[in-house]
1. Report yes if A:H42 is over 19 Å from the mean Cα position of the chain (by Cα) and not small (G, A, S), otherwise no.
2. Between residues in the range C:135-146 that are over 15 Å from C:V159 (Cβ atoms) and residues that are assigned to a loop (DSSP other than H, G, I, E, B) and open to solvent by 30 Å² or more (accessible area, probe 1.4 Å), which pairs lie under 8 Å by C-beta distance while being six or more apart or on different chains?
3. Does B:V226 qualify as being aliphatic (A, V, I, L, M) and closer than 29 Å to C:G205 by Cβ?
4. Any residue in the range A:88-109 that is small (G, A, S), surrounded by fewer than 24 Cβ atoms within 10 Å (Cβ to Cβ) and assigned to a helix (DSSP H, G or I)?
5. Please go through the range C:16-54 and give me each residue that is of a type in the set (A, V, I, L, M, F, W, C), in contact with a Gly (Cβ under 8 Å, 6 or more places away or on another chain) and more than 14 Å from chain D (Cβ to nearest Cβ), ordered by number.
6. Could you check, for the range C:230-238, whether at least one of its residues is open to solvent by 20 Å² or more (accessible area, probe 1.4 Å) and at pLDDT below 95?
7. Among the numbered criteria (1) outside any loop (DSSP other than H, G, I, E, B); (2) surrounded by fewer than 24 Cβ atoms within 10 Å (Cβ to Cβ); (3) not small (G, A, S), which one does A:F189 miss?
8. Can you name every residue in the range A:110-159 that is within 14 Å of chain D (Cβ to nearest Cβ) and assigned to a loop (DSSP other than H, G, I, E, B)?
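The values are calculated or read from the model by the stated rules, or taken from the named source; none is laboratory data. All values reported here derive from a predicted model rather than from experimental measurement. With ideal geometry, Cβ positions are generated from the backbone for all residues, glycine too; neighbour counts draw on all protein chains shown. Side chains are part of the model used for accessible areas, which takes the heavy atoms of the whole protein and leaves out ligands, DNA and RNA. Shrake-Rupley method; radii C 1.70, N 1.55, O 1.52, S 1.80 Å.
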Protein chains: 4
Amino acid sequence: MSSSGGPVDRAILEDLAAANRILVDQGVFDAAGHVSLRHPGHAERFLMSRGLAPQMVTADDIMEFDLDANAIDARGRNGFIERYIHAEIFRARRDVMAVVHSHSPAVIAFGLVGTPMRAMYHNAAFLAAGAPVFDIRDKFGTTDIVINTAAKGAALADVLSDKSVALLRAHGMVAVGPSLPVAVFRAIFTVASGKIQHQAQALGGPIAALDAEEGRIADIVNVQTVGRAWDAWKQRVT
Amino acid sequence: MSSSGGPVDRAILEDLAAANRILVDQGVFDAAGHVSLRHPGHAERFLMSRGLAPQMVTADDIMEFDLDANAIDARGRNGFIERYIHAEIFRARRDVMAVVHSHSPAVIAFGLVGTPMRAMYHNAAFLAAGAPVFDIRDKFGTTDIVINTAAKGAALADVLSDKSVALLRAHGMVAVGPSLPVAVFRAIFTVASGKIQHQAQALGGPIAALDAEEGRIADIVNVQTVGRAWDAWKQRVT
Amino acid sequence: MSSSGGPVDRAILEDLAAANRILVDQGVFDAAGHVSLRHPGHAERFLMSRGLAPQMVTADDIMEFDLDANAIDARGRNGFIERYIHAEIFRARRDVMAVVHSHSPAVIAFGLVGTPMRAMYHNAAFLAAGAPVFDIRDKFGTTDIVINTAAKGAALADVLSDKSVALLRAHGMVAVGPSLPVAVFRAIFTVASGKIQHQAQALGGPIAALDAEEGRIADIVNVQTVGRAWDAWKQRVT
Amino acid sequence: MSSSGGPVDRAILEDLAAANRILVDQGVFDAAGHVSLRHPGHAERFLMSRGLAPQMVTADDIMEFDLDANAIDARGRNGFIERYIHAEIFRARRDVMAVVHSHSPAVIAFGLVGTPMRAMYHNAAFLAAGAPVFDIRDKFGTTDIVINTAAKGAALADVLSDKSVALLRAHGMVAVGPSLPVAVFRAIFTVASGKIQHQAQALGGPIAALDAEEGRIADIVNVQTVGRAWDAWKQRVT
């Protein structure tokens, strides 16, 4: 059994729990969805709620896992079956500190048809680099869609590559970031940009979305100023 | 007059009443809609609110009916005129333990045009088997649309066949399940999937919806894990 | 100056005030919109709020008007400038007991293009008879769109004819009924049906809307059962 | 350092703070967005919140700036980086007393494609004069989209010209008016009209929007009657 990465500040656990409730409040999560944080003291561990509807998560529900998705000191609590999504992304992407997984309706359609998501505005600047689609059928054939093994998690991480967002066909999305607020920000604005793109596509004609370089430099501003939005989101759920 | 199936645990009546309020809270019901449960002690009886807006239903409003839609011990309470929907589905489908009927706007359009509903994501896996459309004109000609006789209820049950969801042209839908939480889950995600399908159709091109086998096995997971969503939905209305 | 139609029961004034707040709560009114009731004791008088945002209306804000839209005993209160809509419909339609006027976004588009509104489901059965479009330019040329004279109100009433709903180009709609709850019901389900029709049109192909005879007989059921919905709507705003 | 325009009535500061919260409540602002007011006693000064999520703004957060976007008596508070939008519009447009800047999703698509916004109804009458699109690439090439210099603010003011609304490609919009309530009204109904236009475009065919002269005279009514809507909006956030 793996050892713990060590005790974590209560404020960090509170923030991770709040992130769950923020993503419900902002319409990214429904009664499902989960968000994780790499352990601040140990790069091979991560923190994530036990299996629980996100609106209910409090700091006491946060569990610690190793990168094989094994719980450290489970004390009878059960993790989400899809914790492999988080484990394998943390394994593959050392720059990623937080991972969000949701079934947000506004993005599902983009994972089902041949229309790529693009960055409709500065808030979704990270989409300018592209949002690849993971189709579980490609490697695993007919499944129940659930990312319930390390192999499936790793295949998703492989499709995600160095991007900020990947869509999961007929399932949902993942959004990642260099901090918890940035991952939450990206999840929220992937959904917002998706809604706008539905409208832009319907109007027809070329869409003057952010290009790759605009997106790269606009995202820097977002990362720098995310605290203001984070504070506002958190105020609504605490 | 039929005899009662016997007393029912208060907790079960509370859950059935909560299901009415959950379906309002989740946007499936408006000021109308009803949900029923087969009597846990008698397969020829079912439980359902008296005629009342679903947001107002409490355990004391639950009545018992036989499969001819006759009230057992009405005590002056009036049932919904469309209780025949429930009676005839319970008669035809011994595997069904709960039935939801709603007028959810997001599904109506699919009952009016030639576009079949499909399963846009794992949560709507049950739609991969198809969602047939019941057009009351086929057997009954010009009517007021209301399912107000056993014959109409039976015709609807016949169209539903072994599926989980049927659409009613220019009227609404029914969703059924092997338990109350599953029927509620299916009603909620029929609406959610319908909204996504509107977006996917608008984007254009082939839609990589769940195929029949993916749907079948993904639905097994949904049925196993429905408790987590049910608890979250219930917390919001109690 | 016209004489009063006589005192009105407080409960009726409370219901008319509640109708204003219901139509806000149900998304038919924004910060504007008004609803009127023919005086229960005098067919040539009607009751309507003073000029005030509908969310704020209480029984004390209800004024009485004659069919020339003159206030009876104004006591310093100012009526809505568009009270001519109500006066002229009450004059032209002796079967109408209540009138709603709103700027509901979901119906505006149907007044701007050549697509007629149809009855997408039984709740909107009254639309099966058609919803004519009033274009103020036809008789009055370039205006500020406001129905601020008896002549403009009468022209609108003329277009409404014997229907339950008329659209006002680039402005909004009127819905009428044989009672206050029915007029409110029709306003709410005109909006709901309009939203569904946007979805049905986007899916494409023929739309199996209610035909005229289905609509006529389905509307009878709606009028008979409106009390259940009215009670639910009222509970939310009182 | 510029001198202050002088003390401002507390009620005016309260109204400006309320405008921030109104625009959140009405769905124009998300966790970002700002609104400013020209100093009532000095045409070369304006008032605007320190950098803070708009839902949180109170009168104590209002700062004073000169038209070079320099803070007067900052006392450690930081202004929004995009205050140049406001400064340069106040400089270029002496008729403008208030400026709103938002990232409202419903308008973004119109800034990305070749479809001009038009006035779908009388509430959006000011759009009948046109809503030009500012593309920051035209003068500044590849940027992070942020209006963070006087030159960028001036270029935007130049595109806005004498109109009430301008769209910012892949960014958002500005709405201006001769008073704070009018600027807020225009921001709200730009969003509302944008949503309706998406529906009207989807229905297809010519759109009988307000023409320029209808818009001009309908807007006069809006400006005269804005107080009623303002009171209703304010009541909801205070």
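1. Working: over 19 Å from the mean Cα position of the chain (by Cα): yes; not small (G, A, S): yes.
The answer is yes for A:H42.
2. Here the result reads C:T142/D:D211; C:V146/C:I81, each pair linking the range C:135-146 to a residue that is assigned to a loop (DSSP other than H, G, I, E, B) and open to solvent by 30 Å² or more (accessible area, probe 1.4 Å).
3. Numbers: aliphatic (A, V, I, L, M): yes; closer than 29 Å to C:G205 by Cβ: no.
So B:V226 does not fit the description; no.
4. yes
5. First pass over the range C:16-54, keeping only residues of a type in the set (A, V, I, L, M, F, W, C): C:16-19, C:22-24, C:28-29, C:31-32, C:35, C:37, C:43, C:46-48, C:52-53.
Next cut, in contact with a Gly (Cβ under 8 Å, 6 or more places away or on another chain) only: C:23-24, C:48.
C:M48 - this is the single residue of the range C:16-54 that is of a type in the set (A, V, I, L, M, F, W, C), in contact with a Gly (Cβ under 8 Å, 6 or more places away or on another chain) and more than 14 Å from chain D (Cβ to nearest Cβ).
6. In the first step, residues of the range C:230-238 are kept if they are open to solvent by 20 Å² or more (accessible area, probe 1.4 Å); the result is C:231, C:234-238.
Among the residues that remain, those that are also at pLDDT below 95 are: C:238.
Yes, there is a match, as at least one residue in the range C:230-238 is open to solvent by 20 Å² or more (accessible area, probe 1.4 Å) and at pLDDT below 95.
7. With (1) outside any loop (DSSP other than H, G, I, E, B); (2) surrounded by fewer than 24 Cβ atoms within 10 Å (Cβ to Cβ); (3) not small (G, A, S) applied to A:F189, the lone miss is (2).
8. At the first step, the residues of the range A:110-159 found to be within 14 Å of chain D (Cβ to nearest Cβ) are A:117-128.
Within the range A:110-159, A:M117, A:R118, A:A119, A:M120, A:Y121 meet the criteria.
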